[in-house]
Amino acid sequence: MNMSSSAIYILDIKVIYELLDELIDFGYPQTTDSKILQEYITQEGHKLEIQVRIPVAVTNAVSWRSEGIKYRKNEVFLDVIESVNLLANANGNVLRSEIVGAIKMRVYLSGMPELRLGLNDKVLFESTGRGKSKSVELEDVKFHQCVRLSRFEIDRTISFIPPDGEFELMSYRLNTHVKPLIWIESVIEKHAHSRVEYMIKAKSQFKRRSTANNVEIIIPVPHDADSPKFKTSIGSVKYAPEQNAIIWTIKSFPGGKEYLMRAHFGLPSVECEDSEGRPPIQVKFEIPYFTTSGIQVRYLKIIEKSGYQALPWVRYITQNGDYQLRTN
């Protein structure tokens, strides 16, 4: 080991030791928020001649937020992002499906504000006599440390003093039957030692007022296919030999639409393969202003002692997770 690499190794150990020293006090966790730790854990922190000033947040009850934060324009951005995990067979039967969701926030607020978030939570609606209203039963809910859990357990209100900047407020999961948002039908004709032909039909099975953006349909092909030829009614198609796949890209895919793509490859040596060993078709997409679960933000209140006005912005996004469709 040369001198330069040794120096780097010693510095890393010092930084790790300093982190552990601040994270744990007398065997108890003290400060775990990365943004607060960054304020006083630095590459130069091991030098004794430098006087390190402990951030006020460390001694506050709210250790994840510093005091004295000021913004000229007070804003809150809230994103409800859901990923759909789905596995379906060639007959259209869904073998496995779930929704994994997260509420992510970007907070640019002055002072020490309190935020209150209300969702169309099924437990709350039933307890207040609104059981027939459209609601969602969330499972495996996990909150950021800023959320007052006692308040949530009493009246299902999500009340918190937020960290500054970006963070994930909560995550959840729903084990529920999900209808494929984009369904793919494929007809594959193989001719041994000759060629293979694909006829791929893509159908959007969500409401017409919604649109899926940047759709990618990844269709596996034999590893030694060559001489690709494509014909499509929309979008573009390319051959990705490093993935042994065709990638059909559709920039904008409105709900209730159906599109067709044909592909032709030469097969110099491959025999007709068993379809059971064929990899599934994968689909990637993003649908803004849409959630599969039906979760809704009913309100987002911002309370701060100075009484300033703040602008909350809410956005819904549904995207693919592990989204696979098996073919014939």
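The values are calculated or read from the model by the stated rules, or taken from the named source; none is laboratory data. Since this is a predicted model, take the numbers as computed values, not measurements. Quick reminder, even Gly has a Cβ in these numbers, built from the backbone with ideal geometry, and neighbours come from all protein chains shown. Surface accessibility is based on the protein's heavy atoms, side chains included, excluding ligands, DNA and RNA. Shrake-Rupley method; radii C 1.70, N 1.55, O 1.52, S 1.80 Å.
Output the residue which, of all residues in region 74-95 that are of a type outside the set (A, V, I, L, M) and at pLDDT below 95, is nearest to Thr327 (Cα to Cα).
Start the filter on region 74-95 by keeping residues that are of a type outside the set (A, V, I, L, M), which leaves 74-75, 77, 79, 82-83, 85, 89, 91-93.
Still in the list and also at pLDDT below 95: 89, 91-93.
Working: Asn89: 7, Asn91: 9, Gly92: 10, Asn93: 12 Å.
Ranking the qualifying residues of region 74-95, first place goes to Asn89.
If you check Ser171, Ser204, which single one turns out to be buried (at least 18 other Cβ atoms within 10 Å of the Cβ) and among the small types (Gly, Ala, Ser)?
The unique qualifying residue is Ser204.
Starting from residues that are over 21 Å from the mean Cα position of the chain (by Cα) and among the hydroxyl-bearing types (Ser, Thr, Tyr), keep the ones in region 205-236 and report whichever is nearest to Gly266 (Cα to Cα). In this case the residue turns out to be Ser227. Quickly run through region 207-225 and pick out the residues that are touching a Phe, Trp or Tyr at 6+ places or on another chain (Cβ under 9 Å), more than 19 Å from Arg326 (Cβ to Cβ) and not hydrophobic (A, V, I, L, M, F, W, C). Listed by number, the residues that qualify are Lys207, Arg209, Ser210, Thr211, Asn213, Asn214.
To keep it simple, each residue is scored yes or no on (1) without any contact (Cβ under 8 Å) to a residue 24 or more places away in the chain; (2) of a type in the set (Phe, Trp, Tyr); (3) open to solvent by less than 40 Å² (accessible area, probe 1.4 Å).
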| residue | (1), (2), (3) |
| --- | --- |
| Pro220 | no, no, yes |
| Ser227 | no, no, no |
| Phe230 | no, yes, no |
| Ser233 | no, no, no |
| Asn244 | no, no, no |
| Trp248 | no, yes, yes |
| Lys251 | no, no, no |
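Is it the case that some residue within region 47-61 is assigned to a strand (DSSP E or B) and either surrounded by 15 or more Cβ atoms within 10 Å (Cβ to Cβ) or modelled with pLDDT of 65 or more (or both)? Checking region 47-61: not a single residue is assigned to a strand (DSSP E or B) and either surrounded by 15 or more Cβ atoms within 10 Å (Cβ to Cβ) or modelled with pLDDT of 65 or more (or both). Per the conditions (1) in a strand (DSSP E or B); (2) open to solvent by 20 Å² or more (accessible area, probe 1.4 Å); (3) closer than 22 Å to Thr292 by Cα, the sole criterion not satisfied by Ala212 is (2).
The residues in region 280-328 that are part of a loop (DSSP other than H, G, I, E, B) and closer than 26 Å to Glu139 by Cα can be counted, and the count is 8.
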